[in-house]
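**Student:** The structure is given below, and queries will be raised subsequently.
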Ligand code: HEM
Ligand SMILES: [Cu+2]
């Protein structure tokens, strides 16, 4: 396959050698498989949440607690971060190191902002005596959201590591391949968040 | 319970001086560990061990380490079984020699060890050794990840072993059902050990699953289509897909239980809106496929062994492949049969009962395929074949008792009796363990270059099979007589005789295990007579035999080209089994790395610290895990080149051996 024909949107991995191409393909495929496994964890947490929604044990319920406006801002921040990651990927594709660093930095900050908003929401709930210890419903709510939040945190750390690696190694084959996986991870988190928004927050407004 | 900052809940009371039995168990573990360390030091083998084994990324060596781990844990799990059998044989209107609490710890550790730390490592050991070779591949897809998986499994096993010396183990059975395992009912650290051991090893297992699925999809030899793969690779593929989709269930169930216990949440508690049925569903969405994760690869082993020792082709290859896939898919649709009695709607129960029985169909198809493979074959009764034959007969009996349990009204009568215990041992011992033993005997010469002693192998076989029947058939009767599982003592005189017979059976199994230890010793001693470097002792059809025994680090100097099923037999029939080229290419292989063992070590520290609430140490452990991963990502010089001359030298040595062997047989 010639280089010109293999170009596609997103990060392209250029391969000096056949083995490298094969290696990149295998690695990315492996990462997809990992994401599927991770998706099962979220699926089980969603199912648990769905089973626990009514089990408030006399404590507050979702519609009484949730602030859809905040969740909407969180959604916007996260969606924007996916977009800026896309911009980072495009700069990377064109070999503009500075620009890709910049966009990765913006993505990182948006990631942190998301986490900040989430923590603020948690603190607000705690102030209303709605903690994970209050009821099965709140346990499942907090765990579902924090599992996603921890993933975002991991993604943020990963971004920092990659920014350092770009400085040290430049846009080497390894670095590109890792950035490609990181971008899959980041978009995956976005997707999970959209499901959270739909299953957790929207019904609270609808009722 | 009060706890200090430095040591958390850890105090002197954690040492097992409360009972003689517990103290002696701990002493055996500690002395055993110390004597291994002393032996290695005395042999001055630390350097070699470190370079050749502990830091290796070679899938073959990792496979061997998995099998060693599994055999050690088999001993431990079996001692537990013996202790239970001894207790129940004497505990008629008598307290016996175990306290109820200790008895509970023992059946919990027995089940946990046998499923997670004996069965799984044994399987992953054989898969590690064999699958890349059968695919004609040079390695697994992610060699370092493979080492990490192994060390995480080992860390989990180490936590179980440590619980014997420091603190206690769970009393919640291998399934860890809440609310019994909630803090309010089980305030000791036992359940925490169980959770941490399973979570850590579970991560390792998931990573292995990913590794093997990618290996099988992407690393097959040039020309090898999926339908050219040996059946063992198929079963490995399906089992690892099950791992990827099922083990997250274990992670979630265990993780949520930990949150209940540590942070006072209410997933499964009796109060605060918790619901035990959440646990039952999540756990068994994992738990039932887990049974097939254990059994499917064993089916693959039987499908390798039976044709080889019948000197025929496998009958119905395609059917077997589809049957395997059906079983894998169906295994996710039956989990509810584990709680028929918990008050679900009758229609729901009926659905899951029917689904359960449907699984018997592809399994039955497989049994017929194996029988037809043997039909009119020239059977050779070497030990791998003996294990396979015992499997077929015994497994069919177990399957029939399973159909009984799949009928909800009958399950209402039998669930939680020894009938169930008899049934699942009847499936797992022949269906998994005999398969593992068959694979062990079959591939042993591949891995070591010499054969296992037949005489002691037969003795082990007869003791195991006789022991199995005596140990478990009485349990069916006891089930009919209404004896519950997990009873530390009882007051029904009619039961005792059966329990004595069962104990006698367990002692026969012990003789089997001793025979296996003797077999290994004798085989190593007499290895000069049975060496076979040329590497095809059974005249087998698949690619793992198309290289030397043991194979070189890079498996194949030139990747074989495959155009049919049973590639090696096809090549032999075509008269050119070994394509020795004129020139050899240099080969790039991964370097050794201490990342695997380091991650295992810090995970162990993390797990131990969390069990004992030593939070500063847990933080250090977590930092260690994250730090190790990040540090490794900065490593650049991770591969090494084996020069063409070195490859040529290795291959020439092998070629000479092959020509000599052929000359001798011609
Ligand atoms: C080889 C000889 C073995 C013997 C004599 C033996 C004996 C026993 C006994 C006495 C029990 C307790 C029964 C009760 O509840 O009263 C038990 C439970 C159990 N065994 Fe075995 N066993 C053997 C092998 C295995 C193997 C190979 C597995 C493999 C996977 C296994 C898995 C289990 C499990 C999961 C339990 C249930 C533990 C629980 O109640 O939580 N056993 N076994
Ligand atoms: Cu089941």
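No lab work stands behind these numbers, since they all come straight from the coordinates. In this text the structure is predicted, and so the values were computed from the model without any measurement. All Cβ positions, glycine included, derive from the backbone under ideal geometry; neighbour counts span all protein chains shown.
**Student:** What is the distance in Å between the Cα centroid of segment A:32-79 and that of segment B:460-475?
**Tutor:** After rounding, the separation between the Cα centres reads 51 Å.
**Student:** Helix-only mean residue ellipticity at 222 nm, chain B, DSSP H runs n ≥ 4 weighted -39,500 (n - 2.57), per residue, nearest 500. What is it? Don't skip to the answer; put the middle values down first.
**Tutor:** Working: 22 runs with 434 residues, N = 666.
Counting only the DSSP helices, I get -22500 deg cm²/dmol.
**Student:** While we're looking at this one, here's another question. Measure out, as a whole number of angstrom, how far apart the alpha-carbon centroids of segment A:88-127 and segment B:359-411 sit.
**Tutor:** 57 Å
**Student:** Also, I was wondering about something else. On average, how many beta carbons from a partner chain sit within 10 Å of the beta carbon of a residue in A:29-38? Let's see the in-between values first.
**Tutor:** Values: counts 6, 11, 2, 2, 11, 6, 0, 6, 12, 3.
So the per-residue partner count for this stretch is 6.
**Student:** Counting other beta carbons within 10 Å of each residue's own, what order do B:99, B:650 fall into, fewest first?
**Tutor:** Numbers: B:99 15, B:650 18.
So the ranking, lowest neighbour count to highest, is B:99, B:650.
**Student:** Now for a different question. With springs connecting C-alpha atoms under 10 Å apart, model chain A as a Gaussian network and identify which of A:64, A:121, A:21 has the largest mean-square fluctuation.
**Tutor:** So, out of A:64, A:121, A:21, the one fluctuating most is A:64.
**Student:** Under 8 Å for C-alpha pairs, at least 6 residues apart: give me the relative contact order for chain A, rounded to a whole percent. Don't skip to the end; give the middle numbers.
**Tutor:** Working: 181 pairs, mean separation 64.6, N = 207.
Reported as a whole number, the value is 31 percent.
**Student:** Calculate log10 I(q)/I(0) of chain A for q = 0.09, 0.14 Å⁻¹, where I(q) comes from the Debye formula with a single equal point scatterer on each Cα and nothing for solvent.
**Tutor:** Log10 I(q)/I(0), no solvent term: -0.42, -0.85.
**Student:** Could you state the angle between the C-alpha long axis of helix B:59-90 and the longest principal axis of the C-alpha atoms of chain B, as a value from 0 to 90 degrees rounded to the nearest 10?
**Tutor:** 30 degrees
**Student:** Could you tell me the relative contact order of chain B? Use alpha-carbon pairs under 8 Å, at least six residues apart, and round to a whole percent. Each step should come with its number before you reach the end.
**Tutor:** Working: 1067 pairs, mean separation 119.5, N = 666.
Relative contact order here is 18 percent.
**Student:** Mean residue ellipticity at 222 nm from the helices of chain A, using -39,500 (n - 2.57) per DSSP H segment of n ≥ 4 over the full residue count, to the nearest 500 deg cm²/dmol? Let's see the in-between values first.
**Tutor:** Values: 7 runs with 159 residues, N = 207.
Result for chain A, helices only: -27000 deg cm²/dmol.
**Student:** How far apart, in nm, are the 7 Å Cα→Cβ label points at residue B:620 and residue B:649?
**Tutor:** That separation, rounded to one decimal, is 4.5 nm.
**Student:** Oh, and also: By its C-alpha gyration tensor, with a ≥ b ≥ c as the square roots of the eigenvalues, how is segment B:2-43 shaped: rounded for a/c under 1.5, else prolate for a/b larger than b/c, else oblate?
**Tutor:** Details: a/c = 6.47, a/b = 1.68, b/c = 3.85.
Taking the square roots of the gyration eigenvalues as a ≥ b ≥ c, segment B:2-43 is oblate.
**Student:** Give me B:563, B:110 sorted ascending by neighbouring Cβ count inside 10 Å, so fewest comes first. Each step should come with its number before you reach the end.
**Tutor:** Details: B:563 12, B:110 22.
Listed from fewest to most nearby Cβ atoms, that is B:563, B:110.
**Student:** Would you kindly work out the equivalent ellipsoid of chain B from its C-alpha gyration tensor and give its semi-axes, the square roots of five times the eigenvalues, largest first in whole Å?
**Tutor:** Working: eigenvalues 318, 186, 119 Å².
Whole-Å semi-axes of the equivalent ellipsoid: 40, 31, 24.
**Student:** Hey, another quick one. Per residue, what volume in Å³ does the convex hull of the Cα atoms of segment B:445-590 enclose?
**Tutor:** 208 Å³
**Student:** For peptide A:40-50, how many partner chain Cβ atoms fall within 10 Å of a residue's Cβ, on average? Numbers along the way, then the final one.
**Tutor:** Numbers: counts 11, 7, 2, 4, 12, 5, 0, 5, 9, 0, 0.
Across the residues of A:40-50, the mean count of other-chain Cβ atoms within 10 Å is 5.
**Student:** Same structure, new question: Taking only Cα atoms, what is the 0 to 90° angle, nearest 10, from helix B:346-374's long axis to the longest principal axis of chain B?
**Tutor:** The helix B:346-374 is inclined about 30 degrees to chain B.
**Student:** Under 8 Å for C-alpha pairs, at least 6 residues apart: give me the relative contact order for segment B:24-117, rounded to a whole percent. It would help to have the intermediate numbers written out before the result.
**Tutor:** Working: 35 pairs, mean separation 26.1, N = 94.
With pairs under 8 Å counted, the relative contact order is 28 percent.
**Student:** Using the Cα gyration tensor of segment B:197-308, with a ≥ b ≥ c the square roots of its eigenvalues, what is the shape: rounded (a/c below 1.5), prolate (a/b larger than b/c) or oblate (neither)?
**Tutor:** It is prolate, given that a/c is not under 1.5 and a/b is the larger ratio.
**Student:** Could you compute the FRET efficiency for residue A:154 and residue B:345, with r as their C-beta to C-beta distance and R0 at 51 Å, rounded to 0.05? Kindly include the intermediate steps, with their values, before the conclusion.
**Tutor:** Numbers: r = 41 Å, r/R0 = 0.81.
Approximately 0.80, to the nearest 0.05.
**Student:** For peptide B:195-208, compute the average count of partner chain beta-carbon atoms within 10 Å of each residue's beta-carbon.
**Tutor:** Working: counts 0, 0, 0, 0, 0, 0, 0, 0, 0, 0, 0, 6, 3, 0.
Mean partner shielding for this stretch: 1.
**Student:** With the cut-off at 1.5 for a/c, could you classify segment B:503-550 from its C-alpha gyration tensor as rounded, prolate or oblate?
**Tutor:** Values: a/c = 4.75, a/b = 2.06, b/c = 2.31.
Verdict is oblate for segment B:503-550.
**Student:** While we're looking at this one, here's another question. Given a Förster distance of 30 angstrom, what is the FRET efficiency for residue B:44 paired with residue B:591, based on the Cβ-Cβ distance and rounded to 0.05? Can you show the working numbers first?
**Tutor:** Numbers: r = 24 Å, r/R0 = 0.80.
The pair residue B:44/residue B:591 has a calculated efficiency of 0.80.
**Student:** Pairing the Cα long axis of helix A:18-52 with the longest principal axis of chain A, what angle in degrees results, from 0 to 90 and rounded to the nearest 10?
**Tutor:** The angle comes out near 0 degrees.
**Student:** Name the most mobile residue of A:154, A:39, A:127, meaning the one with the largest mean-square fluctuation, in a Gaussian network model of chain A with Cα contacts below 10 Å.
**Tutor:** It is A:127.
**Student:** Ranked highest first by average number of other Cβ atoms within 10 Å, how do B:88-97, B:180-189, B:114-123 line up? Let's see the in-between values first.
**Tutor:** On the way: B:88-97: 16.4, B:180-189: 18.4, B:114-123: 26.6.
Top to bottom by mean Cβ count within 10 Å: B:114-123, B:180-189, B:88-97.
**Student:** How do B:658, A:205, A:33 line up, fewest other C-beta atoms within 10 Å first? Could the numbers behind the result be given before it?
**Tutor:** On the way: B:658 17, A:205 12, A:33 20.
Fewest-to-most Cβ neighbours within 10 Å comes out as A:205, B:658, A:33.
**Student:** While we're looking at this one, here's another question. In µm²/s, what is D for segment B:616-666 at 20 °C and 1.002 mPa s, where D = kT/(6 pi eta Rh) by Stokes-Einstein and Rh is the Kirkwood radius from Cα pairs?
**Tutor:** Numbers: Rh = 15.4 Å.
Diffusion coefficient, whole number: 139 µm²/s.
**Student:** Assuming 1.567 mPa s and 4 °C, estimate D for segment B:121-261 with Stokes-Einstein, Rh taken as the Kirkwood radius over Cα pairs, in µm²/s.
**Tutor:** Numbers: Rh = 16.4 Å.
For these conditions, the coefficient is 79 µm²/s.
**Student:** Quick check: the distance between the Cα centres of segment B:1-70 and segment B:273-333, to the nearest angstrom?
**Tutor:** 33 Å
**Student:** Now for a separate question. Can you give me the orientation-averaged projected area of the convex hull built on the Cα atoms of segment A:148-207, in nm²?
**Tutor:** On the way: hull surface 16.9 nm².
For segment A:148-207, averaging the hull's shadow over all directions gives 4.2 nm².
**Student:** If r is the Cβ-Cβ distance from residue B:659 to residue A:73 and R0 is 51 Å, what FRET efficiency results, to the nearest 0.05?
**Tutor:** 0.10
**Student:** How big is Rg to Rh over segment A:64-170, alpha-carbon atoms, Rh as the Kirkwood inverse-mean-distance radius?
**Tutor:** 1.10
**Student:** Additional query: Expressed in whole Å with the largest first, what are the equivalent ellipsoid semi-axes of segment B:478-530 derived from the C-alpha gyration tensor as the square root of 5 times each eigenvalue? Show your work: numbers first, answer last.
**Tutor:** Values: eigenvalues 320, 16, 13 Å².
Whole-Å semi-axes of the equivalent ellipsoid: 40, 9, 8.
**Student:** Right, next: If packing is taken as the mean number of other Cβ atoms within 10 Å per residue, what is the order of B:398-404, B:488-494, highest first?
**Tutor:** Numbers: B:398-404: 16.6, B:488-494: 13.9.
Ranking the peptides B:398-404, B:488-494 by packing returns B:398-404, B:488-494.
**Student:** As a test, work out the antiparallel percent of DSSP beta bridges whose residues both lie in the protein assembly as shown, rounded to the nearest 5.
**Tutor:** On the way: 7 of 8 bridges.
Counting DSSP beta bridges with both partners in the protein assembly as shown, the antiparallel share is about 90 percent.
**Student:** Taking all pairs of different Cα atoms in segment B:117-202, averaging 1/r and flipping that mean, what Kirkwood radius in angstroms comes out?
**Tutor:** Here the Kirkwood hydrodynamic radius works out to 14.6 Å.
**Student:** How many percent of the alpha carbon pairs in the protein assembly as shown exceed a separation of 35 Å? Each step should come with its number before you reach the end.
**Tutor:** Values: 201512 of 380628 pairs.
Taking all Cα-Cα pairs of the protein assembly as shown, the fraction more than 35 Å apart is 53 percent.
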